[in-house]
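Peer 1: What follows is a structure written as structure tokens; I'll ask about it next.
The values are calculated or read from the model by the stated rules, or taken from the named source; none is laboratory data. Bear in mind the structure is a predicted one, so any value in this text is a computation, not a measurement. FYI the Cβ positions are ideal-geometry reconstructions off the backbone, even for glycines, and counts take in every protein chain you see. Surface areas here come from the heavy atoms of the whole protein model, side chains and all, with no ligands, DNA or RNA. Shrake-Rupley method; radii C 1.70, N 1.55, O 1.52, S 1.80 Å.
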Amino acid sequence: MPLAGKRLLLVISGGIAAYKSLDLIRRFRERGAEVRPVMTAGAQQFVTPLAVGALSSGHVYTELFSREDEQDVGHIRLARDCDLIVVAPATADLMAKMANGLADDLASTILLATDRPVLVAPAMNPKMWVHPATRRNVETLRKDGLTFIGPNAGEMAESGEAGLGRMAEPLEIVAEAERLLEDGAKPLSGRKAVVTSGPTHEPIDPVRYIANRSSGRQGHAIAAALARLGADVTLVSGPVTLADPPGVEVIHVERASEMLDAVLSALPADIAVMVAAVADWRVATPNMEKIKKQPGEGPPPLMLAENPDILKTVGHHEKRPKVVVGFAAETQDVESNGRIKLQKKGADLIVANDVSPETGIMGGTRNSVKLITADGIEAWPELAKDDVAGRLADWIAARLT
Ligand code: CTP
């Protein structure tokens, strides 16, 4: 009974399908879940807070700026104090707000402030569902790690138009919520993972640094994919412009030495995936003040020192994780260099990729990788970095079990 004792936050937004949310509350409660309802202003045009409150037998949250509600729980606690957030029905408008990070009422603020899994059950007119704006928003929300159920095909209650747009039935939503909450069903639940991502910045002086072109996309996607499979993930990220992935603990660092410290403090772990493009060298003694141009003296010499090799340290550590994965960014001899790295770094797997400028991989959204293990080489087709991450997380899960 995955729903027994679980705390659900049910966000009801304004559509005719809101009447089905009343049944949804009953179904959740029959299975032993506690339901805290949040209603948008639109939702209250379709069903009353009185009815919702009677069925959930508790307080119904409707206002962002209500002194009473804020004193009772507060919107940040509402956003975090639950096992799962279910948005049913989710209107096109609410999804657009979610996809763009708007927070102008209680429901959208909770959805922006939460770090809990979110299940979305859209309901809208079929033309709105297929509109490019909605397609974009759904795509964004999927990438952000939200799960969708429905909409189903059928006739619309209000217009009689047919097509995709009907909210999924309450029992379908319940089944999907059960699936999401079923810990045992996730192959990496109970496992701990540490992932590095992004570049490192090695200071020359307070304003200048040595860095590289890594965007962090691949590492962040891997952290998110491992978390989706149930792992407890610590992501150690160098400076990137990406959002922290949902459901992942993120430690932000700048230099390789800080990255190493953060990774070691995350051990013991079952899985280490070192994706960061760590700068191999740092400036031996960064200047405390900005280096000034000195007339007639030419550019200052920079004395470099070698940075710690984080993957190699982890691969040979006494607390070595069961599965250690490294990346090999190469511009030539991808396979043979990858094999050498597998050995030298003490890794179980090297994911090798060709980062020659013409491939567009470094900083881009797609990747073409070869998996190098002691058993041989497996080439994957070119995939989106998110898909490489998903397949790699599956590979790791299979290896662990
Ligand atoms: N790596 C690391 N710490 C370093 C350098 C690299 O943890 N100081 C990790 C990377 O995260 C990656 C792997 O080692 O998983 C290989 O990185 P790459 O830059 O390809 O290799 P290098 O060890 O730097 O070797 P080279 O520069 O000679 O190719």
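Peer 1: Give me the residue from the range 134-152 that is open to solvent by 30 Å² or more (accessible area, probe 1.4 Å) and part of a helix (DSSP H, G or I) and, out of that set, modelled with the lowest pLDDT.
Peer 2: If we take residues in the range 134-152 being open to solvent by 30 Å² or more (accessible area, probe 1.4 Å) and part of a helix (DSSP H, G or I), then Lys143 is modelled with the lowest pLDDT.
Peer 1: Right, here's the next one. Go through the residues of the range 285-298 one by one and say whether even a single one is open to solvent by 50 Å² or more (accessible area, probe 1.4 Å) and within 16 Å of the ligand (Cβ to nearest atom).
Peer 2: Within the range 285-298, none of the residues are open to solvent by 50 Å² or more (accessible area, probe 1.4 Å) and within 16 Å of the ligand (Cβ to nearest atom).
Peer 1: Moving on. What's the total number of residues in the range 242-258 that are open to solvent by less than 40 Å² (accessible area, probe 1.4 Å) and touching a helix residue (DSSP H, G or I) at 6+ places or on another chain (Cβ under 6 Å)?
Peer 2: 3
One line per residue, one yes/no per condition, for (1) free of Cβ contacts under 8 Å to residues at least 24 places away in the same chain; (2) within 28 Å of the chain's Cα centre (by Cα); (3) outside any helix (DSSP H, G or I):
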| position | (1), (2), (3) |
| --- | --- |
| Leu3 | no, yes, yes |
| Leu8 | no, yes, yes |
| Val11 | no, yes, yes |
| Lys20 | no, no, no |
| Phe65 | yes, no, yes |
| Val87 | no, yes, yes |
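Peer 1: List pairs: first in the range 273-298 and within 19 Å of Ala256 (Cα to Cα) and in a strand (DSSP E or B), second within 15 Å of the ligand (Cβ to nearest atom) and of a type in the set (S, T, N, Q), Cβ under 6 Å, 6+ apart or cross-chain?
Peer 2: Pairs found: Met274/Thr196; Ala277/Asn212; Ala277/Ser214; Arg282/Asn307.
Peer 1: From the list Lys6, Lys20, pick out the single residue that is open to solvent by less than 40 Å² (accessible area, probe 1.4 Å) and in contact with a helix residue (DSSP H, G or I) (Cβ under 7 Å, 6 or more places away or on another chain). Give the derivation first.
Peer 2: Values: Lys6 fails: open to solvent by less than 40 Å² (accessible area, probe 1.4 Å).
Among Lys6, Lys20, only Lys20 is open to solvent by less than 40 Å² (accessible area, probe 1.4 Å) and in contact with a helix residue (DSSP H, G or I) (Cβ under 7 Å, 6 or more places away or on another chain).
Peer 1: Considering only residues that are of a type in the set (Val, Ile, Thr) and in a loop (DSSP other than H, G, I, E, B), which ones fall in the range 89-133?
Peer 2: Thr91, Thr114
Peer 1: Does Leu267 meet the test of being assigned to a loop (DSSP other than H, G, I, E, B) and open to solvent by less than 20 Å² (accessible area, probe 1.4 Å)?
Peer 2: Numbers: assigned to a loop (DSSP other than H, G, I, E, B): yes; open to solvent by less than 20 Å² (accessible area, probe 1.4 Å): yes.
So Leu267 fits the description; yes.
Peer 1: Would a scan of the range 40-57 turn up a residue that is crowded, with 16+ Cβ neighbours inside 10 Å and within 20 Å of Arg116 (Cα to Cα)?
Peer 2: Yes, the conditions are met somewhere in the range 40-57.
Peer 1: Still on this structure, I have one more. Taking the range 96-133 only, how many residues are surrounded by 16 or more Cβ atoms within 10 Å (Cβ to Cβ) and not aliphatic (A, V, I, L, M)?
Peer 2: Total satisfying the criteria: 11.
Peer 1: Then there is this: Yes or no: the range 257-267 includes at least one residue that is near the ligand (Cβ under 10 Å from one of its atoms) and under 19 Å from Leu188 (Cα atoms).
Peer 2: No, every residue in the range 257-267 fails to be near the ligand (Cβ under 10 Å from one of its atoms) and under 19 Å from Leu188 (Cα atoms).
Peer 1: Among residues belonging to the range 196-212 that are within 12 Å of the ligand (Cβ to nearest atom) and either in a loop (DSSP other than H, G, I, E, B) or not assigned by TED's automatic domain parsing to the domain that holds Thr285 (or both), point out the one that is farthest from Pro245 (Cα to Cα).
Peer 2: Step one: of the range 196-212, the residues within 12 Å of the ligand (Cβ to nearest atom) are 196-200, 202, 212.
Adding the requirement that they be either in a loop (DSSP other than H, G, I, E, B) or not assigned by TED's automatic domain parsing to the domain that holds Thr285 (or both) leaves 198, 200, 212.
Numbers: Gly198: 13, Thr200: 19, Asn212: 22 Å.
Out of the qualifying residues, it is Asn212.
Peer 1: Filter the helices (runs of 4 or more DSSP H) completely within the range 307-401 down to those with at least 2 residues that are more than 26 Å from Arg191 (Cβ to Cβ), open to solvent by 40 Å² or more (accessible area, probe 1.4 Å) and within 16 Å of the ligand (Cβ to nearest atom).
Peer 2: 334-345
Peer 1: Can you find even one residue in the range 218-227 that is open to solvent by 30 Å² or more (accessible area, probe 1.4 Å) and either more than 11 Å from the ligand (Cβ to nearest atom) or within 12 Å of the chain's Cα centre (by Cα) (or both)?
Peer 2: To start, the set of residues in the range 218-227 that are open to solvent by 30 Å² or more (accessible area, probe 1.4 Å) comprises none.
Checked the range 218-227: no residue is open to solvent by 30 Å² or more (accessible area, probe 1.4 Å) and either more than 11 Å from the ligand (Cβ to nearest atom) or within 12 Å of the chain's Cα centre (by Cα) (or both).
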